[in-house]
Each structure stands twice: as structure tokens, then as C-alpha cells.
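Below: one structure, written as C-alpha cells.
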There are 2 protein chains.
Amino acid sequence: MFNSELKSILADEHLSVYSLLRYCMGWEDINGDKISSSSGKRLRPSLCMFACDAVGGDIQSAIYASASIELIHNFSLIHDEVQDFDEIRHHRPTLWSLYGSQKALLAGNIMHVISHDIFRLSGDREFYHFRPASKLIGNACLDMIEGQYLDILYENAQSITIEQYLRMISLKTGALIRCSINLGALIGTTNRDIQNQLKISGESLGYAFQIRDDILGIWGQEKTTGKPVGVDIIRKKKSLPIIHAMNANHGKYSLELREIYQSENIGDFQVNRVLEIMDNVGTLEFARQMTKKYTKKARVAFLNARLNDVHTKNYIALLQFLMNRDY
Amino acid sequence: MFNSELKSILADEHLSVYSLLRYCMGWEDINGDKISSSSGKRLRPSLCMFACDAVGGDIQSAIYASASIELIHNFSLIHDEVQDFDEIRHHRPTLWSLYGSQKALLAGNIMHVISHDIFRLSGDREFYHFRPASKLIGNACLDMIEGQYLDILYENAQSITIEQYLRMISLKTGALIRCSINLGALIGTTNRDIQNQLKISGESLGYAFQIRDDILGIWGQEKTTGKPVGVDIIRKKKSLPIIHAMNANHGKYSLELREIYQSENIGDFQVNRVLEIMDNVGTLEFARQMTKKYTKKARVAFLNARLNDVHTKNYIALLQFLMNRDY
């Protein structure tokens, strides 16, 4: 249902740039032939529709909002890939690697326009929510970009605290995830208490999700993530594990790690040394505890909303899955 | 009035990226100190408010729509400059040349979000127009990006006809200019006939504006345009003059011009040769006639709307100015 709406939105046949969008969404191959490929987790629209359903709303009313969020997410991925020179996403070549960065940036911009413009296509019932929903989506989008901006600032920073890092991910990744749940709750109910508990839950889920991503960026296996072990070390990402290792034991390894991050290229030797240091200071355990802490917060807030058993059970299962996922 | 609204929208003090936006708008220097610099012609918001006023509407109702269009225009400039490696706009260093392309692209994206999100800030009276206005702005934005996409495709095309070129500029430049007038008329009146005549006028104005730009890109003087003579030749732009020169006299100079455009660097010698060829085939006169033709169409359509004398006189003066401008 959600996918067919989204496909019809991106079905414009007369504009060649739309074929780039359909490729990016995982619906077509590079020749424009239909495929049934892995097209990502669709986590954000699923959360939005789930939340709407869970609070007793009509899931149909949340379809355009969900599509909007999924398009914002994809627009940001397309631009990120250009900036990071990422050549692969979900085991497929990225847009810019196939079409060049100019066309990829424009394709991302088209997706961005459509994401904001999408409510115009919605029915009157959904349009009723337009103003508050547009406020949530607009702010989430601004937060997300501010987070990307902070991320760039941090790349060149000498040292970053875990608090600074948490603020950055709460914007860069958290904004869109908590917006997904917020939006579903907003569309589905007028009960402020329930909206508020789901908002808190979404906030914690955002942290848990990104920290699990950071764990996979260091210890994830290539066959499940599609990326080599230690990819975030190779790419010199200032993710939670490296920040933890730099700050742990009163900064004992800080200088050594900083020197590795400042070297031109990072090879197997350096990756192994960083992994060794992380092992020494218990980084993996620390990151796992953080994921656990935020997953628990997300669960408690959802329980506080006192929704029906089926939805509560499903949400807790989702949290478990996200906390333990390998990709 | 318009400027103060726009300034308050971009006044967010706690986000460092907003200072990039204020720099880009010409309100602040690189240190964040207030300046009164040339900040562009503000053609699009002026057209929007003028059209609203001319059809008898309340100019106040058009302020947010005007701000939205101006922000879309600036977002597209910021991204264009990154892609074209332009280092100067309106005699000032461009954003990416000061802050790098990553930050500039993000600043452009923030401006893009705000441009779509702006109606939320508007009063209820303006919100009444939200749906049709959002449709116009959204479509104009999509058209503009499609035009940018065509422009990239044309860069590598062997030959382009004048018809293809006109279609490209009607999207890339025309879309936002005709949207400005359309939107003002839509907000200011319910009279379909008047709206329609202004729409036709805006369409022709868009062509005239871009063709004048193309003339200045070849024959403009550095002291007024801020760019060297023949800048579009140096940058191998496929603008109207070069397309005319390639197609003129049954393509007599087509091969020679194509060879010049395929050479690694274009120096004074080649620029002068291209100017000589354009002289031989009467390119400047052709382009001037095109500007004149579209300016006339724009004037006739406006006259057909039968608005009051003062507005008609002002609009005709604006057309004259745009047709003859040196910058």
C-alpha cells in the first residue's frame, strides 16, 4: 500500500531524472527495468504508520506523511553519498558513482522538493493535519541538516566529548526517526499524553539505532553489512566507539588514536591496532550498554502510553530486533 | 518590509550554519558583521509583490510567497556555484569558496527546506492560498531542477537546436520567474482572465531575461557584470549565442566552434575567434531580436490584462530596463 503510493508519486515518465530516483529507491535497475531488490529497511515510514495505528488512528491517513519522511531520508542519503564518495549502498552502486555527482545532487534535490510538496497530493483528511505535520517534518529536516553540519565540524575537531557526539546524532539521525513516530501519533490521536510518551520513546529509539549503527561500523561483518570490518576506522569517522576509546582511561590512548586518524591512509595494521585499543578499554561493552540503556528508555516510554497489548508486543519486538541487528 | 521579514526568518542565532545563509543573502560579511552590500536584484520577489499589487491584491499577502521564491532562487545559486566552481557572485566570494563545498551544499539544503516550509510561518489569510500556491511553487522548483538537469545533458551533446535551448531555459530560468508573477496574481485576484494574461507575460519575461543574460555572458563588460568579456565562452557554456553561431549559415562554423569547445582550455585567441565568428553570422543582432520579441510578447499580454495605468507604465519600464540592463 505504502510502496504503491510512493511508486505512483515517482512515476513521472517524461522526465529522465525520475529514473534515477526509481533506481535509488531500489525499484529499477540502471536500464530502467523493474527489479525486486532490497530497498532498505523502510524503518521511518514503518514507524510512522505503526505509531498512527498503535494510537488508534487510521493508517491510511499517515501514508503521505510516511512517504514524505522516506523521501527526505533518501534525499539525504543521495547527498551524503556524494560528499562521502560512497560507492555502494545496500549492495548496489550509488547514484553519483553511476551518473556523476552533478546529476546525483540534482536528483537528490528533486526528491527533496517532492518530500515537502507531497501533502498537496494528499486527501482532505490528511490535509487537515497539514500545519502541525508540516511543522514537524520541516523542523526534523532542519535538525537533520544541522546534524550533518555538526558532523563535518567534528571531523576536524581535536577532541569531542560523548555529550557532543550524542547531541550530533540526536540531530543527524535522531531527528527523522523521532519525527516518524511523532507524526504517526499526531495524525492518529489528539491525546497529548500518548503523543508525548511516543515522542520520548522515538527520541530514545533514535539514539539506540545510531549507536547500533556505530557498533556495526566497527565490528560488523562484510557479508551482512556489505562493508569491510572497521569501515568507520578506515573512513576516519568520529563515531561513538572511537570517541569512547579516545576518552577512556583518562585519555591514555588519545594521542595514539589521533595520530592514526591523522595519517594519510589507514591500512590493516592501523585498523587492528585501533581494534586492540578498543578491546583494552572495553569500547564494545560500553557501546552495547548505551544501546541497551536507550532501548530500555524507548520501551518504558511506550509502555507508559498504555496502548493495546498487540502493538506493545510488536514494538518491543522491533526494539529487540533493532538492538541486535547485524545490518 | 520584504527584507525585514526575510531577515527575521533567517535570524536563528544558535545555529552556526545560518550565518552562511545571511552571508549569502548579502546581509553580513564573513565575520558575521552587518553590511549593506549589493544583494542581487531581488527580481523574483519584486515581481511577485508587484503582480499582487497590480491585480488589486493586498501586497502583505504576498510577502511569504515572495520570500519562498527568493530562497529557492538562492538555494539554487548556492548549489550551482558548487557545481560550476564559481568563485564570485555579485563581486563577493561564493559560499563554497569560503567554507568548502560540503558546508555550502548543506547551507543550500537548509535554505531549500525553509523555502518550502515558509507558509507555516504565514498568517491565516495567506495560508488560505496555501494549496494552489504550494502547487505553483513546488512545480516551479521541479521545473527549475529539470532545467538544470537538461543543461548538464546538453553540455556533452554534439549539437543543440535553438528550440531545445529555449525549452531548457524556460525550465531552468523561466520557471521561477513566471511562477513569481503567477503567484502574485493568484494571491491578488480570483479573476482567471487576468491571472492567465499575467502568466503569459511572465513566461515571455523569463525568456527575455535569460537571453539578455546570455548576451551579457558574451559581450558584457567586466566592470558592470563582474565577469570577463566572453566568460560563457571561457566556461564553454552552451548559451544562445554559441548555439546560434553553430547553427547559422547552414552550420558553416559548426565544426570549428565544436573543436574550440572541445579543447582543454580556452584562451584569448579562441575567445576572439569565437567573437569573430559570431560577428560574421550576426549572432548579437539575432539575440537582441529574440530579447525584443519576448519583451514585446510580455508587454502585450500585460496590456491585455487591462490593469490600471500606473502599474502598466511601471511594468513596461521594468521590461525596458531588463531588456537593456548591463548587469
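The values are calculated or read from the model by the stated rules, or taken from the named source; none is laboratory data. No experiment lies behind these values; they were computed from the predicted model shown. Neighbour counts run over all protein chains shown; Cβ positions are idealised from the backbone, glycine included.
Failed condition for A:GLU203, given (1) more than 10 Å from chain B (Cβ to nearest Cβ); (2) in contact with a Leu (Cβ under 8 Å, 6 or more places away or on another chain), with all others met?
Just one mismatch for A:GLU203, condition (2).
For the condition away from chain B (no Cβ under 14 Å), over 28 Å from A:ASP143 (Cβ atoms) and not charged (D, E, K, R), what is the one hit in A:ILE88, A:ILE35, A:ILE63, A:ILE59?
When all the criteria are applied, what remains is A:ILE35.
Given the conditions (1) free of Cβ contacts under 8 Å to residues at least 12 places away in the same chain; (2) assigned to a helix (DSSP H, G or I), and given that A:LYS297 satisfies all but one, which numbered condition is not satisfied?
Checking A:LYS297 against (1) free of Cβ contacts under 8 Å to residues at least 12 places away in the same chain; (2) assigned to a helix (DSSP H, G or I), the one that fails is (1).
Checking the condition over 17 Å from A:SER180 (Cβ atoms) and modelled with pLDDT of 85 or more, which residue from A:ASP12, A:ASP80 passes?
A:ASP80
Residues being assigned to a helix (DSSP H, G or I), crowded, with 19+ Cβ neighbours inside 10 Å and out of contact with any Asp or Glu (no Cβ under 8 Å at 6 or more places or on another chain): count how many of those fall in the range A:214-238.
Adding up the residues that qualify gives 2.
Against the condition among the polar types (S, T, N, Q), within 13 Å of B:ARG178 (Cα to Cα) and buried (at least 24 other Cβ atoms within 10 Å of the Cβ), how does B:SER66 come out, does it pass?
yes
With (1) closer than 26 Å to A:LEU255 by Cα; (2) among the aliphatic types (A, V, I, L, M); (3) within 14 Å of chain B (Cβ to nearest Cβ) as the list, and A:ILE162 as the residue in question, which single condition is left unmet?
That leaves (3) as the condition not met.
B:VAL17: within 14 Å of chain A (Cβ to nearest Cβ) and surrounded by 18 or more Cβ atoms within 10 Å (Cβ to Cβ), yes or no?
Yes, satisfied.
If A:LEU284 satisfies all but one of (1) of a type in the set (A, V, I, L, M, F, W, C); (2) modelled with pLDDT under 95; (3) out of contact with any Asp or Glu (no Cβ under 9 Å at 6 or more places or on another chain), what's the number of the condition it fails?
(2)
Using beta carbons and a limit of 7 Å, which pairs, at least six apart or on different chains, have the first residue in the range A:301-318 and surrounded by 13 or more Cβ atoms within 10 Å (Cβ to Cβ) and the second one assigned to a loop (DSSP other than H, G, I, E, B) and among the aliphatic types (A, V, I, L, M)?
Close Cβ pairs satisfying both conditions: A:LEU307/A:VAL55.
Please go through the range B:303-327 and pick out each residue that is assigned to a loop (DSSP other than H, G, I, E, B) and over 16 Å from the mean Cα position of the chain (by Cα).
B:ALA305, B:ARG306, B:LEU307, B:ASN308
Given the conditions (1) in contact with a Ser or Thr (Cβ under 7 Å, 6 or more places away or on another chain); (2) not in a helix (DSSP H, G or I), which single one is not true for B:MET246?
Of the numbered conditions (1) in contact with a Ser or Thr (Cβ under 7 Å, 6 or more places away or on another chain); (2) not in a helix (DSSP H, G or I), the odd one out for B:MET246 is (2).
Collect the residues in the range B:69-86 that are acidic (Asp, Glu), touching a residue at least 40 places away in the same chain (Cβ under 8 Å) and crowded, with 21+ Cβ neighbours inside 10 Å, keeping them in residue-number order.
B:GLU70
Among (1) crowded, with 23+ Cβ neighbours inside 10 Å; (2) at the interface with chain B (Cβ under 8 Å from one of its Cβ atoms); (3) touching a residue at least 24 places away in the same chain (Cβ under 8 Å), where does A:ILE177 come up short?
Condition (2) is where A:ILE177 drops out.
For B:GLY100, only one of the following conditions fails: (1) within 25 Å of B:LEU136 (Cα to Cα); (2) surrounded by fewer than 17 Cβ atoms within 10 Å (Cβ to Cβ); (3) within 14 Å of chain A (Cβ to nearest Cβ). What is its number?
With respect to (1) within 25 Å of B:LEU136 (Cα to Cα); (2) surrounded by fewer than 17 Cβ atoms within 10 Å (Cβ to Cβ); (3) within 14 Å of chain A (Cβ to nearest Cβ), B:GLY100 is out only on (1).
Mind listing just one residue for me: the one in the range B:121-136 that is facing chain A (nearest Cβ under 8 Å) and buried (at least 19 other Cβ atoms within 10 Å of the Cβ) and, of those, modelled with the highest pLDDT?
B:SER134
Evaluate the range B:75-85: report whether one residue or more is away from chain A (no Cβ under 14 Å) and either under 25 Å from B:LYS199 (Cβ atoms) or aliphatic (A, V, I, L, M) (or both). Step through it out loud before you land on a result.
Filtering the range B:75-85 down to residues away from chain A (no Cβ under 14 Å) leaves none.
No, the range B:75-85 has no match at all.
Name the single residue, out of those in the range B:180-191 being β-branched (Val, Ile, Thr) and surrounded by 14 or more Cβ atoms within 10 Å (Cβ to Cβ), that is nearest to the other protein chains (Cβ to nearest Cβ).
The qualifying residue nearest to the other protein chains (Cβ to nearest Cβ) is B:ILE187.
Collect the residues in the range B:92-101 that are among the hydrophobic types (A, V, I, L, M, F, W, C) and either farther than 24 Å from B:SER46 by Cβ or in a loop (DSSP other than H, G, I, E, B) (or both), keeping them in residue-number order.
B:TRP96, B:LEU98
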